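The values are calculated or read from the model by the stated rules, or taken from the named source; none is laboratory data. Quick caveat, the model's predicted, so the values are computed rather than measured. Here the Cβ positions follow ideal geometry from the backbone for every residue, glycine too, while neighbour counts run over all protein chains shown.
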Amino acid sequence: MFWENFGNLSYSTIDGDEIAVVYFRAGYEPGQYHSEKEWEARLTIERSKAIKSPSIQYHLAGTKKVQQEVARLGVLQRFLLESEANLVGQLFTGLYSLDLGPEGDEVIKMAMENPDRFVLKPQREGGGNNMYGDEIKEFLEKVKDTPAREAYILMDKIRPPMQHNYLVRGGTEVKLSEVVSELGIFGVLIGNEKEIMINKFAGHMLRTKLSSANEGGVAAGFGALDSVFLFD
């Protein structure tokens, strides 16, 4: 691979062919950057002309902390029309900051008094990182007076309607069970700091898990792929 710089931009080639797209299969958490070499590589890619999936802006926009800040009253109105912001705001569940200070202290008190109502989320992706129930209470007791709490947000637990269905997964018995589902929407967004060129719907994925399970990631082994059935 060869990188050549032009001012603040660069391009990369392999055997003379310019690299057009960089897809990040990893690099979504600090532990995956083992030295300065990895951070330098990420910076080089971000400065390049290649399309990044995701770019650092979209990567950060998908973090739990940014989601929590966007859910604050009045923030959506900076990016959407008032009517659009009101519609989008109806889709939010409760998201709460644990930043040091009186507001964060009240949130921690609320969580410790009723931990079964919430999910504690770190800035991680891929499933298996969230905390529930008494685990929340025990963890917050340890970090409530330290900056470590700021790496997490608190979210109201979503309680979707239960259904009866079969989960087909390797190594487990197939039987009729109580399950809940989560619908994810895929989108395509291409843009830069000045302009959005493409922003459109690109499909969906339905994940289903046992109603008794906290996590629902398919790759992590907690859930299964499902199909949508629409009816009147």
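Selection of the range 200-229 for residues being closer than 18 Å to Phe186 by Cβ and in a loop (DSSP other than H, G, I, E, B) yields Gly216, Gly217, Val218, Ala219, Gly223, Ser227, Val228. Looking only at the range 186-217, residues that are within 19 Å of Val119 (Cα to Cα) and not charged (D, E, K, R) come to 8 in all. Out of curiosity, is Ala213 touching a residue at least 40 places away in the same chain (Cβ under 8 Å) and of a type in the set (A, V, I, L, M, F, W, C)? The answer is no for Ala213.
Can you confirm whether Leu183 is under 22 Å from the mean Cα position of the chain (by Cα), surrounded by 15 or more Cβ atoms within 10 Å (Cβ to Cβ) and either under 28 Å from Arg25 (Cβ atoms) or among the aliphatic types (A, V, I, L, M) (or both)?
no
Report yes if Gly184 is over 30 Å from Ala50 (Cβ atoms), not aliphatic (A, V, I, L, M) and not assigned by TED's automatic domain parsing to the domain that holds Asn114, otherwise no. Here the answer is no, as Gly184 does not meet what is asked. Within the range 70-88, the set of residues being assigned to a helix (DSSP H, G or I) and under 21 Å from Leu189 (Cα atoms) comprises Val70, Leu76, Gln77, Arg78, Glu84, Ala85, Leu87, Val88. Counting only residues that are part of a loop (DSSP other than H, G, I, E, B), more than 18 Å from Pro115 (Cα to Cα) and of a type in the set (A, V, I, L, M, F, W, C), the range 137-185 holds 4 of them. Can you find a residue that is among the aromatic types (Phe, Trp, Tyr), closer than 25 Å to Ile190 by Cα and outside the structural domain of Leu183 (by TED's automatic domain parsing) anywhere in the range 134-144? The answer is no; no qualifying residue exists. In the range 40-53, which residue that is out of contact with any strand residue (DSSP E or B) (no Cβ under 9 Å at 6 or more places or on another chain) and of a type outside the set (Lys, Arg) is surrounded by the most Cβ atoms within 10 Å (Cβ to Cβ)? Looking at residues that are out of contact with any strand residue (DSSP E or B) (no Cβ under 9 Å at 6 or more places or on another chain) and of a type outside the set (Lys, Arg), I get Ala41. Residues in the range 145-164 that are more than 12 Å from Leu120 (Cα to Cα) and free of Cβ contacts under 8 Å to residues at least 60 places away in the same chain: Asp145, Thr146, Pro147, Ala148, Arg159, Pro160, Pro161, Met162, Gln163, His164. So, Arg124, is that one in contact (Cβ under 8 Å) with a residue 12 or more places away in the chain, within 30 Å of Ala213 (Cβ to Cβ) and within 14 Å of the chain's Cα centre (by Cα) or not? Answer is yes for this residue. I'd like to check something: does the range 25-36 contain any residue that is of a type in the set (D, E, K, R), within 17 Å of the chain's Cα centre (by Cα) and not assigned by TED's automatic domain parsing to the domain that holds Phe186? There is at least one residue in the range 25-36 that is of a type in the set (D, E, K, R), within 17 Å of the chain's Cα centre (by Cα) and not assigned by TED's automatic domain parsing to the domain that holds Phe186.
Can you report the number of residues in the range 189-199 which are assigned to a strand (DSSP E or B) and exposed (fewer than 12 other Cβ atoms within 10 Å of the Cβ)? Residues that pass the stated criteria total 4.
Every condition in (1) loosely packed, with under 10 Cβ neighbours inside 10 Å; (2) under 30 Å from Pro30 (Cβ atoms); (3) touching a strand residue (DSSP E or B) at 6+ places or on another chain (Cβ under 8 Å) is met by Phe118 except one, and the failing one is (1).
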